[in-house]
1. Across the stretch 174-188, in residue order, what do the Karplus-derived ³J(HN,Hα) couplings come to in whole Hz, using 6.51 cos²θ - 1.76 cosθ + 1.60 with θ = phi - 60° and x for Gly and Pro?
2. Can you order the peptides 170-181, 209-220, 135-146, 87-98 by their average number of other Cβ atoms within 10 Å per residue, highest first?
3. Kindly put Glu131, Glu57, Glu68 in sequence by how many other C-beta atoms sit within 10 Å of each C-beta, fewest to most.
4. How large is ³J(HN,Hα), in whole Hz, for each residue of the stretch 39-50 in order, when computed from phi with the Karplus curve 6.51 cos²θ - 1.76 cosθ + 1.60 and θ = phi - 60°, using x for Gly and Pro?
5. Leu143 to Ile116: FRET efficiency via 1/(1 + (r/R0)^6), r the Cβ-Cβ distance, R0 22 Å, to the nearest 0.05?
6. Residues in the stretch 142-170 near a label at Asn203, defined as backbone nitrogen under 16 Å from the 7 Å Cα→Cβ point?
7. List the residues whose amide H sits under 5 Å from the amide H of Gln120, counting only those 5 or more places along or on another chain, with H placed 1.01 Å from N in the peptide plane.
8. Taking the convex hull of the Cα atoms, report for the chain its projected area averaged over all directions, in nm².
Amino acid sequence: MLVDNLKIVQGKIQAALQTRKEAKLTGDNVTLVAVTKNHAPEVITEALALGVECIGENRVQEAKHKKEVLPAGGKWHLIGHLQTNKARQAVALFELIESVDSERLLELINEEAVRIGKVQDVLLQLNIAKEEQKTGFTREEYLAILPKLDTYKNVRVRGLMVIAQACTDVEETRPVFAAGYRCFCRLKEARPEIDCLSMGMSNDYTVAIEEGANMVRVGTALFGQRDYSLKF
Ligand SMILES: *Cc1c(COP(=O)(O)O)cnc(C)c1O
């Protein structure tokens, strides 16, 4: 049951926050993004009714469909790779685009935000785990884009997003999250308005929080296995 799973996840978040306080890392709250991809739209209604505020979807088309059939509500986050030809729709649909992974995308999101008179909140996705299949800015690309962020006037960079590598021992993710936290702290020194560090999924969110995440994206631990037969 979602209500029980939510209690378990919230309990683990609090325990991890306690560990983090003992380690004297900054930040004392965590935003839970409930990842509802490949689940029926109704689970979103259920999650919102239980007090979850943020909904994570990884595909523009699926989120669009769900928003069309559901009453308005929740803050919608895009967490999956965004194709440049979908930037326009993404700006219309999402409060936060967590998965900005190229300068071209930033440029297109800005253009569209200017066009509709919106300031679009985004996170820059960093490729720290360096897995071939993972998107995200490499260290070099990230350093190159930092001085240019202010040129995109209708994009507000709120922070960073990191995905750890899949691994058998969750402890192996710790150095990746620690590196993400260091990048976040450095970015915050230059841009004090930065406030989001999105790291951690069902199998590794407690480690991510211990290492400094203040936003976690949790799907399976809340909603169970995804149903890939659902078509949107
Ligand atoms: C699917 C997904 C999640 C949630 O994964 P779970 O293991 O089900 O918690 C988190 N982040 C991203 C980027 C995802 O694509």
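Each reported figure results from applying straightforward, stated rules to the coordinates on display, with no laboratory input. For clarity, every value in this text was computed on a predicted model and none was experimentally measured. Heads up, the Cβs are rebuilt from the backbone with ideal geometry, glycines too, and the neighbour counts pull from every protein chain shown.
1. Going residue by residue, I get 3, x, 5, 5, 5, 5, x, 5, 5, 4, 4, 5, 5, 5, 5 Hz, with x marking Gly and Pro.
2. 209-220, 87-98, 170-181, 135-146
3. Glu68, Glu131, Glu57
4. Result, rounded to whole Hz: 10, 5, x, 4, 5, 5, 4, 5, 5, 5, 5, 8.
5. Computed FRET efficiency for Leu143 and Ile116 comes out at 0.10.
6. Taking a point 7 Å out along Cα→Cβ of Asn203, the residues of the stretch 142-170 whose backbone N falls under 16 Å are 163-170.
7. Long-range HN contacts for Gln120: Val155, Arg156.
8. Directional mean of the projected Cα hull area for the chain stands at 12.4 nm².
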